[in-house]
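The values are calculated or read from the model by the stated rules, or taken from the named source; none is laboratory data. Remember, predicted model here, so these are calculated numbers, not experimental data. Cβ sites come from the backbone with ideal geometry, for glycine too, and all protein chains shown count toward neighbours. For the accessible areas, the whole protein counts, side chains as well, though only heavy atoms, and no ligand, DNA or RNA atoms are used. Shrake-Rupley method; radii C 1.70, N 1.55, O 1.52, S 1.80 Å.
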Amino acid sequence: IRHLEKGRVVIFAAGTGNPYFSTDTAASLRAMEIKAEAILKATKVDGIYDADPRKVDGARKFNHISYMDVLKLGLKVMDSTAISLCKDNNLPIIAFNLNHHGNIRRVVLGEKIGSTVSAQAAIRSPLARRGSHFDFCSRVPQRTIAIATIACTVSTLVRDSEPRPKASSRSPAAA
């Protein structure tokens with residue numbers, strides 16, 4: 001937690017070490033512990049569908065869907081324990097395609113991509129911007145997000161994804 005408070009990127013890599021708990025459940029648990037504002041579920045498709053769009057022609061995409069609908073329809077975005085934990089703690093889930101270049105940055109900046117799971121079926125993206133500020137209240141100075149089993153601070157991720165200036169031609173010894 002100290003590293004998050006200092007604005008550092010923190011990567012949680014591993015499960016809980018308990019049988020029957022998936023990495024999705026571990027991500028949900030860690031998100032609760034660090035008081036994340038959303039879980040970003042990086043997948044191989046561009047959101048949540050009623051069937052696997054890579055296998056089923058005409059699979060229907062949900063732009064927004066409630067936790068209860070995910071559970072009732074048996075959708076495979078995350079396991080039911082992880083979905084229930086997010087539901088109980090009102091933690092939105094944004095599922096998006098990791099394989100599309102730039103999507104992590106887009107979702108962190110609040111662009112509407114993928115699908116959102118929340119208490120209500122149709123809400124604004126939990127990371128949508130209003131002016132230059134995130135919509136979420138300012139209870140924490142830096143916007144914290146869990147990305148599957150990865151957690152980081154938005155300001156650090158965005159800053160680190162900016163193009164870096166070219167290195168100086170000076171040798172390290174001259175510095």
What single numbered condition from (1) farther than 18 Å from Asn103 by Cβ; (2) out of contact with any Asp or Glu (no Cβ under 7 Å at 6 or more places or on another chain) fails to hold for Val77?
(1)
Among the residues of the stretch 81-123, the number that are within 21 Å of Met32 (Cα to Cα), exposed (fewer than 14 other Cβ atoms within 10 Å of the Cβ) and out of contact with any His (no Cβ under 9 Å at 6 or more places or on another chain) is 4
For residues that are crowded, with 16+ Cβ neighbours inside 10 Å and either aromatic (Phe, Trp, Tyr) or in a loop (DSSP other than H, G, I, E, B) (or both), tally how many sit in the stretch 1-21.
3
Which residues, counting only those in the stretch 65-76, are surrounded by 17 or more Cβ atoms within 10 Å (Cβ to Cβ) and in contact with a Phe, Trp or Tyr (Cβ under 9 Å, 6 or more places away or on another chain)?
Val70, Leu75
Test result for Asp24, farther than 17 Å from Asn89 by Cβ, surrounded by 13 or more Cβ atoms within 10 Å (Cβ to Cβ) and among the acidic types (Asp, Glu):
no
Within the stretch 28-64, take every residue that is farther than 19 Å from Leu98 by Cβ and β-branched (Val, Ile, Thr) and give me the one that is least open to solvent (accessible area, probe 1.4 Å).
Ile34
